[in-house]
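These notes are about the structure you will find just below.
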């Protein structure tokens, strides 16, 4: 996984004081899925990227490191 994606998921989580479990609940995935994204064992699907972008109110391009907020 591109480190930028990891940072662009972890930073908003930190800013909003979200646990992996809470974020997983909000975007309807398992906590282990969030853990795999953060550790680089797996990458978010397109649908998950859309859900993350909507939840954090950022663009998918931001999440994947293509441009700033």
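The numbers here are math on the coordinates, done by the rules we state, and not lab data. On a predicted model such as this, the values are computed, not experimentally measured, just so you know.
Full extension of the chain between residue 25 and residue 59 gives 10.2 nm of extra length, using 0.36 nm per residue less the Cα-Cα distance.
Relative contact order for the chain: what is it in percent, counting Cα pairs under 8 Å that are at least 6 residues apart?
Details: 62 pairs, mean separation 25.8, N = 69.
Relative contact order for the chain comes out at 37 percent.
Here the Debye sum runs over all C-alpha atoms of the chain as equal scatterers in vacuum, and log10 of I(q)/I(0) at q = 0.18, 0.21 Å⁻¹ comes out as -0.57, -0.81.
Entry note, the chain: the mean residue ellipticity at 222 nm calculated from DSSP H runs of n ≥ 4, each adding -39500 (n - 2.57), is -18500 deg cm²/dmol after division by the residues and rounding to the nearest 500.
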